[in-house]
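Written below as structure tokens is the structure these notes are about.
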Amino acid sequence: MPPPGTGQVWRIGYFAAHNPGFLLRLMGGKVLVFFSSVKPYYSLGHKLLSMLVLWPCYWLAARGARLRQVWLPGRVFLAAVPLLQAAVVMLTVDDYDVRFLAPVLPFVFVLAALGVDDWWRRRGLPESAAGA
């Protein structure tokens, strides 16, 4: 245990220094639960819907974040917000509701739209349908 009177940030540092393996497993589990949006107390339908909607969006968002033709500061901002929120959740706690995930979903959806647009254009489909 950290010495008495230690501040919150120092407690995390103390814990990390003395339990690095456990901390990494704990943080990894938290970020997986955070992004997967699959929690044990959700219904099966909710879990399946989350997997069918969010997981492909994450994949498309990763593709959208790598597009070189999109303005770099915009891509960095759009990707940084969900990643910073994930870092906060990894160091604190992911609550039972979606109050930590909901604020980052618009950023994920914008990046996913860039990924869909890129996929659409690579297929050579008409640009009028791609929104250009």
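What follows is calculated from the coordinates using simple rules that are stated; it is not laboratory data. For clarity, every value in this text was computed on a predicted model and none was experimentally measured. FYI the Cβ positions are ideal-geometry reconstructions off the backbone, even for glycines, and counts take in every protein chain you see.
Quick look at the numbers
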item	result
Separation of the Ala80 and Ser43 label points, Cα + 7 Å toward Cβ, nm	4.0 nm
Coordinate range along principal axes, alpha carbons of the chain, Å, largest first	66, 38, 23
Unit charges on C-beta of K, R, D, E only; dipole of the chain, Debye	300 debye
Peptides ranked, highest mean first, by Cβ atoms within 10 Å: ranges 105-111, 22-28	105-111, 22-28
Cα lying deepest toward the dipole's positive end in the chain, options Leu60, Ala102, Gln85, charges on Cβ	Leu60
Contact order normalised by residue count of the chain, Cα under 8 Å, 6+ apart, percent	29 percent
Rounded Å value of the spacing that divides the Cα centres of the range 65-121 and the range 1-37	24 Å
FRET efficiency for Asn19 and Trp120, using Cβ-Cβ distance with R0 set to 35 Å, rounded to 0.05	0.15
